[in-house]
Amino acid sequence: EEGKIVIEGLIAGLYIAVEVDDGRDLWIYDLEQKVVEVPRNGVGTVTIKNIQLGVGQIVKETTNGGSKAGWKFEVRDANNKLIGTYTTGDTGIITMNLNPGTYFVTELSGGDGYWVADPQATKTLVVTAGQTSSVKFLNKWLGKGQIIKETTNGGSKAGWTFEVRGEQNELIGTYTTDETGIISLNLEPGSYLVIEVSGGNDYWEADPDAIQILDVVAGQTSKVEFLNRWLGIGKIVKETTNGGSKAGWVFEVRDAEGALVGT
């Protein structure tokens, strides 16, 4: 229990002591040959020092069934020295044997444009000899929702406002198109209501489907499209002389092909 081995009855002289690696986990063996001199009527002593390691684990967690593989992490010690760069496999767990001490684990990359990184990109890992310590990184796997504005007759796609609401009719946000007419959103998987609120002016005819359902799937892009027609306004102006009433006059409007537009 004291860690001592006493060998009696040795002939005075030089001896070599070598520690044998017996496969103990979390230990660094001292495999260097140690020369010890045993004096006549005396005691020769040799000291062999071992370092006990700890286990550090990086645990990757994902939402919505996203893959835990392919996430890259950097590990540095308390002096900012790079210990190594590691990439997760399918289990999402990286296991390292480390000297006791404090380490900093930084998430470098992984996933694609559908992922939201852990809000804390660097975390502290305190490793204790003979024990397992871990840090966990959680990434959200989202889907993309796109609201696409289309217009006829060359009308501007900019300035159209949309509301996006969740399954409980809670307001997710209000968004306005730019010149591209496309609004892109990172959203949790689920169903959303997209409502065209405003845009254009009196010369615009609203999309007949002013409310549409956007079904968002993790790792995919879902789209809804709103089409507005840019019209002109035609006015028929009735004038009368001598104070006669302007009311009650009937007009028929036909297009260039002779088709009846209305009466």
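The values are calculated or read from the model by the stated rules, or taken from the named source; none is laboratory data. These numbers come from a predicted model, not from an experiment. Every residue, glycine among them, receives a Cβ derived from its backbone with ideal geometry; neighbour counts consider all protein chains shown. We work out accessible area using only protein heavy atoms, side chains counted, and drop any ligands, DNA or RNA first. Shrake-Rupley method; radii C 1.70, N 1.55, O 1.52, S 1.80 Å.
Percent of Cα-Cα pairs more than 36 Å apart in the chain, please.
55 percent
Sorted by accessible area (1.4 Å probe), largest first, how do Glu167, Glu150 line up?
Glu167, Glu150
Rounded to two decimal places and with Rh computed the Kirkwood way over Cα pairs, what is Rg over Rh for the stretch 117-172?
1.33
How much of the accessible area of the stretch 1-157, probe 1.4 Å, is carbon plus sulfur, in whole percent?
On the way: 4800 of 9850 Å².
Here it works out to 49 percent.
What's the magnitude of the charge dipole for the chain around its Cα centre, counting Lys and Arg as +1 and Asp and Glu as -1 at the beta-carbon? Answer in Debye, nearest 20.
Around 380 debye, computed over the chain.
Mind scanning Lys149/Lys238; Lys34/Lys81; Lys4/Lys34 and naming the pairs with a C-alpha gap bigger than 26 Å?
Details: Lys149/Lys238 38 Å; Lys34/Lys81 31 Å; Lys4/Lys34 15 Å.
Pairs exceeding 26 Å: Lys149/Lys238; Lys34/Lys81.
Roughly what would the spin-label model give for Ile83 and Ile172, points 7 Å off Cα along C-beta, in nm?
In this crude label model, Ile83 to Ile172 measures out at 4.0 nm.
Using only Cα atoms, what is the ratio of the radius of gyration of the stretch 197-240 to 2.2 N^0.38 Å? Walk me through the numbers before you get to the answer.
Working: Rg = 17.7 Å, N = 44, 2.2 N^0.38 = 9.3 Å.
Ratio of Cα Rg to 2.2 N^0.38 Å: 1.91.
Roughly how large, in nm² to one decimal, is the mean projection of the convex hull of the alpha-carbon atoms in the stretch 122-263?
Seen from a random direction, the Cα hull of the stretch 122-263 projects 15.8 nm² on average.
Top to bottom by accessible area (1.4 Å), largest first, where do Val18, Val237 land? Before the final figure, lay out each step's value.
Details: Val18 70, Val237 105 Å².
From most accessible down to least: Val237, Val18.
If I model a spin label at Lys49 and Lys238 as a point 7 Å from the Cα along the Cα→Cβ vector, what separation in nanometres do I get?
10.9 nm
If you average 1/r over all unlike Cα pairs in the stretch 17-109 and invert the result, what Kirkwood radius do you get in angstrom?
After inverting the pairwise mean of 1/r, the radius is 16.6 Å.
With θ set to phi - 60° and the Karplus curve 6.51 cos²θ - 1.76 cosθ + 1.60, what are the ³J(HN,Hα) couplings of the stretch 242-249 in order, to the nearest whole Hz, using x for Gly and Pro?
Each residue of the stretch 242-249 in turn: 6, x, x, 5, 8, 8, x, 7 Hz.
Gain in length, Ala121 to Ala17, computed as 0.36 nm per residue apart minus the alpha-carbon separation, to one decimal in nm?
32.7 nm
Whole number in Å², please: accessible area per residue of the chain, 1.4 Å probe, ligands, DNA and RNA not counted. Working shown, then result.
Values: 17020 Å² over 263 residues.
For the chain, the solvent-accessible area averages 65 Å² per residue.
Might you work out the accessible area of Asp255 for me, using a 1.4 Å probe with all protein chains in place, and round it to the nearest 10 Å²?
70 Å²
Could you tell me the largest-minus-smallest coordinate of the C-alpha atoms of the stretch 1-61 on each of the three principal axes, in descending order and whole angstroms?
65, 23, 15
In straight Cα distance, which aspartates and glutamates are under 19 Å from Lys49, not counting same-chain residues fewer than 8 positions off?
Glu1, Glu2, Glu19, Asp21, Asp22, Asp25, Asp30, Glu32, Glu37
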